[in-house]
1. Using a simple charge model, +1 on the beta-carbon of Lys and Arg, -1 on the beta-carbon of Asp and Glu, nothing else, what dipole does segment 39-122 show about its Cα centre, in debye to the nearest 20?
2. Compute the accessible area per residue over the chain, keeping the other protein chains in place, probe 1.4 Å, unit Å².
3. Just to be sure I understand the model, the point goes 7 Å from the Cα along the line to the Cβ. What's the resulting SER30 to ASP62 distance in nm?
4. Report in % the part of the accessible area of the chain that belongs to carbon and sulfur, leaving out ligands and nucleic acids; probe 1.4 Å.
5. Within 13 Å, Cβ to Cβ, of PRO109, how many net charges do the neighbouring residues add up to if Lys/Arg are +1 and Asp/Glu are -1?
6. Report the relative contact order of segment 31-122, percent, no decimals, based on alpha-carbon pairs under 8 angstrom and at least 6 residues apart.
7. If ligands, DNA and RNA are left out, what is the accessible area of LYS76 with a 1.4 Å probe, given in Å² to the nearest 10?
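The values are calculated or read from the model by the stated rules, or taken from the named source; none is laboratory data. Quantities reported herein were computed from a predicted structural model and do not represent experimental measurements. Backbone-built Cβ (ideal geometry, glycine too); neighbour counts: all protein chains shown. Heavy atoms of the whole protein, side chains included, go into the accessibility calculation; ligands, DNA and RNA do not. Shrake-Rupley method; radii C 1.70, N 1.55, O 1.52, S 1.80 Å.
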Amino acid sequence: QVQLVESGGGLVQAGGSLRLSCAVSGRTFSYYDLGWFRQAPRKEREFVASISWVAGNTYYVDSVKGQFTISRDAAKNTVYLDMNSLKPEDTAVYYCSAGRLLSGGTYRPTYWGQGTQVTVSS
(Lines give C-alpha, C1' and ligand atoms only; values in the text may rest on other atoms or scores of the structure.)
Protein backbone atom coordinates (compact mmCIF):
# COMPACT_ATOMS: atom_id res chain seq x y z
CA GLN A 1 0.00 0.00 0.00
CA VAL A 2 1.18 3.51 -0.85
CA GLN A 3 -0.05 6.70 0.80
CA LEU A 4 0.03 10.06 -0.96
CA VAL A 5 -0.68 13.43 0.64
CA GLU A 6 -0.83 16.55 -1.52
CA SER A 7 -0.30 20.12 -0.37
CA GLY A 8 0.37 23.54 -1.84
CA GLY A 9 -2.87 24.31 -3.61
CA GLY A 10 -4.65 27.61 -3.23
CA LEU A 11 -5.90 30.74 -4.95
CA VAL A 12 -3.57 32.57 -7.32
CA GLN A 13 -3.99 35.31 -9.91
CA ALA A 14 -3.51 34.58 -13.58
CA GLY A 15 0.18 34.68 -14.47
CA GLY A 16 1.20 33.53 -11.01
CA SER A 17 2.94 30.38 -9.85
CA LEU A 18 2.31 27.58 -7.40
CA ARG A 19 4.27 24.56 -6.23
CA LEU A 20 2.33 21.44 -5.38
CA SER A 21 3.94 18.84 -3.16
CA CYS A 22 3.07 15.19 -2.66
CA ALA A 23 4.50 13.27 0.27
CA VAL A 24 4.79 9.59 -0.54
CA SER A 25 4.96 6.78 2.01
CA GLY A 26 4.40 3.06 2.30
CA ARG A 27 6.42 -0.08 2.36
CA THR A 28 7.00 -0.32 -1.41
CA PHE A 29 6.58 3.25 -2.64
CA SER A 30 10.03 3.27 -4.28
CA TYR A 31 8.81 0.63 -6.73
CA TYR A 32 6.32 3.05 -8.22
CA ASP A 33 6.50 5.91 -10.63
CA LEU A 34 4.63 9.10 -9.77
CA GLY A 35 2.17 11.24 -11.63
CA TRP A 36 -0.09 14.28 -11.38
CA PHE A 37 -3.64 14.48 -12.71
CA ARG A 38 -6.23 17.22 -12.55
CA GLN A 39 -10.00 17.41 -12.71
CA ALA A 40 -11.78 20.63 -13.56
CA PRO A 41 -15.47 21.16 -12.77
CA ARG A 42 -17.73 19.11 -15.05
CA LYS A 43 -14.74 17.53 -16.78
CA GLU A 44 -13.03 14.18 -16.62
CA ARG A 45 -9.81 13.69 -14.73
CA GLU A 46 -6.86 14.21 -17.06
CA PHE A 47 -3.19 13.28 -16.98
CA VAL A 48 -0.82 16.20 -16.41
CA ALA A 49 2.69 14.83 -15.84
CA SER A 50 4.63 11.79 -14.66
CA ILE A 51 8.12 10.97 -13.50
CA SER A 52 10.00 7.72 -13.08
CA TRP A 53 11.11 7.40 -9.47
CA VAL A 54 14.48 5.83 -10.26
CA ALA A 55 15.67 7.53 -13.46
CA GLY A 56 13.73 10.76 -13.22
CA ASN A 57 12.38 10.61 -16.78
CA THR A 58 9.49 13.01 -17.20
CA TYR A 59 6.40 13.15 -19.40
CA TYR A 60 3.80 15.89 -19.85
CA VAL A 61 0.48 16.44 -21.52
CA ASP A 62 1.03 18.80 -24.44
CA SER A 63 -1.06 21.58 -22.90
CA VAL A 64 1.37 22.09 -19.97
CA LYS A 65 4.73 21.54 -21.66
CA GLY A 66 7.00 24.46 -20.90
CA GLN A 67 4.61 25.68 -18.21
CA PHE A 68 4.67 22.90 -15.57
CA THR A 69 7.64 20.95 -14.23
CA ILE A 70 7.47 17.67 -12.32
CA SER A 71 10.35 16.66 -10.09
CA ARG A 72 11.07 14.41 -7.14
CA ASP A 73 13.27 14.49 -4.09
CA ALA A 74 14.12 10.92 -3.18
CA ALA A 75 15.61 11.92 0.16
CA LYS A 76 12.33 13.55 1.17
CA ASN A 77 10.07 10.99 -0.53
CA THR A 78 8.29 13.87 -2.21
CA VAL A 79 7.21 14.68 -5.74
CA TYR A 80 6.56 18.25 -6.86
CA LEU A 81 4.64 20.01 -9.56
CA ASP A 82 5.87 23.52 -10.28
CA MET A 83 3.23 25.48 -12.15
CA ASN A 84 4.08 28.78 -13.81
CA SER A 85 2.16 31.32 -15.90
CA LEU A 86 -1.07 29.95 -14.53
CA LYS A 87 -4.29 30.57 -16.42
CA PRO A 88 -7.92 30.36 -15.31
CA GLU A 89 -8.26 27.15 -17.31
CA ASP A 90 -5.69 25.53 -15.02
CA THR A 91 -8.27 25.71 -12.23
CA ALA A 92 -8.89 22.16 -11.02
CA VAL A 93 -8.40 19.70 -8.23
CA TYR A 94 -4.91 18.30 -8.65
CA TYR A 95 -4.26 14.69 -7.67
CA CYS A 96 -0.98 12.95 -7.00
CA SER A 97 -0.74 9.30 -7.94
CA ALA A 98 1.61 6.33 -7.76
CA GLY A 99 1.64 3.85 -10.58
CA ARG A 100 3.70 2.54 -13.46
CA LEU A 101 5.25 4.12 -16.51
CA LEU A 102 4.94 1.86 -19.54
CA SER A 103 6.94 1.89 -22.73
CA GLY A 104 6.27 5.00 -24.78
CA GLY A 105 5.59 7.08 -21.69
CA THR A 106 2.05 5.88 -20.96
CA TYR A 107 1.34 6.17 -17.25
CA ARG A 108 -1.03 3.84 -15.35
CA PRO A 109 -2.01 5.09 -11.89
CA THR A 110 -2.70 2.70 -9.03
CA TYR A 111 -2.88 4.80 -5.88
CA TRP A 112 -4.32 8.28 -5.43
CA GLY A 113 -4.00 11.15 -3.01
CA GLN A 114 -6.99 13.11 -1.78
CA GLY A 115 -6.39 16.05 -4.12
CA THR A 116 -5.63 19.72 -3.62
CA GLN A 117 -7.64 22.60 -5.09
CA VAL A 118 -5.94 25.09 -7.40
CA THR A 119 -7.96 28.14 -8.36
CA VAL A 120 -6.63 30.70 -10.82
CA SER A 121 -8.47 34.01 -10.92
CA SER A 122 -8.54 36.22 -14.00
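1. 200 debye
2. Details: 6370 Å² over 122 residues.
Normalised by residue count, the accessible surface of the chain is 52 Å².
3. With each label point 7 Å from Cα toward Cβ, the separation is 3.8 nm.
4. Roughly 47 percent, rounded to a whole number.
5. Numbers: positive: ARG38, ARG45, ARG100, ARG108; negative: ASP33, GLU46.
My count for the surroundings of PRO109 gives +2.
6. Details: 182 pairs, mean separation 26.4, N = 92.
The value is 29 percent.
7. The value for LYS76 is about 130 Å².
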